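As structure tokens, the structure follows; a few thoughts come after it.
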Amino acid sequence: MRARTSYIPITTTLIAGWCAAGAPPERILALITKQINYQFDDIYLHVSSPIDWQSIPTEPKGYEEIFNLLFDKSSEQSIYQALLPSQLQLREFIQNWLMDETIANILNRLSNSKPIQVELAKLQDFLGK
């Protein structure tokens, strides 16, 4: 079986086309790569500097240093979860990210992907802009 190469379409600093389960992966990527000004939604990440894809952690546990930046108390918590001490609330919040095998597969794919330059106009329809 031949290995398939993944490509990430970019326009200077626009990275598009990645989404996964759990906390918004686009935000996680921006935080782990120490982006200062960034915007994201379900299908794109707009950053102020290029991302070195080979440098991103490929294991979900490699993102632990930013988990506290992701957690916010929400209406998605049960009454019982909201009553837990903050550290336990955070631990419960990140379990999906840590245990989902799909996340590790996506991170692995991204770290081995090659960015390709495309014209922003060609991505406009895809991004709905």
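Some observations on this one:
- Separation in nanometres of the label points that stand 7 Å from Cα toward Cβ, at MET99 and LYS73: 2.4 nm
- Cut-off 17 Å, label 7 Å out along Cα→Cβ of ASN112, residues of the stretch 30-74 by amide N: 53-60
Bear in mind that the values in this text are calculations on the coordinates, not laboratory data. Only a predicted model underlies this, so the values are computations on that prediction, with no experimental measurement involved. Every residue, glycine among them, receives a Cβ derived from its backbone with ideal geometry; neighbour counts consider all protein chains shown.
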